[in-house]
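No value in this document is a laboratory result; all are computed from the given coordinates. In this text the structure is predicted, and so the values were computed from the model without any measurement. FYI the Cβ positions are ideal-geometry reconstructions off the backbone, even for glycines, and counts take in every protein chain you see.
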Amino acid sequence: MHREAVTIGVIVLTRCQVERFTDKHIEILKIFADQAVIAIQNVRLFTEIQKKSRQLEIARDEVQALNKDLEAKVAAQVGELERVGRLRRFLAPQLPGHRLSGR
């Protein structure tokens, strides 16, 4: 059994009686072999797709974890900026003539 000049497998047939296989038998065997090669290739492709799919799922999970961490850091920064803003508004009237930085 061949696919693109690469041997995929071998089919061995024997007979109990000594006689030649007919052309029809040989043709049926060739058709079967061609179908077997296609099935073997499909299994290989399916296995490869499953492997790639698992790799993508792992990568997606890693990205989601990183995104969640980043969202938490952004939320903390936003909270800090809000606290600084409140502090500036609170201190500004108490420190007339002083410029409060924070921008």
Between Q35 and N67, the two model label points (7 Å from Cα along the beta-carbon direction) sit apart by a distance in nm of 4.5
Nearest 10 degrees, 0 to 90: helix 23-91 Cα axis against the chain principal axis:
0
Over the chain: helical MRE at 222 nm, DSSP H runs n ≥ 4 each giving -39500 (n - 2.57), nearest 500
-25500 deg cm²/dmol
Would you calculate the separation in nanometres between label points at E19 and Q94, each defined as 7 Å from the Cα along the Cα-to-beta-carbon direction?
11.1
From a point 7 Å beyond the Cα of T7 in the direction of its Cβ, which residues of region 14-38 have a backbone N at a distance under 20 Å?
14, 29-38
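Cα convex hull of the chain: mean projected area in nm², to one decimal? Could the numbers behind the result be given before it?
Numbers: hull surface 49.3 nm².
Orientation-averaged projected area of the Cα hull: 12.3 nm².
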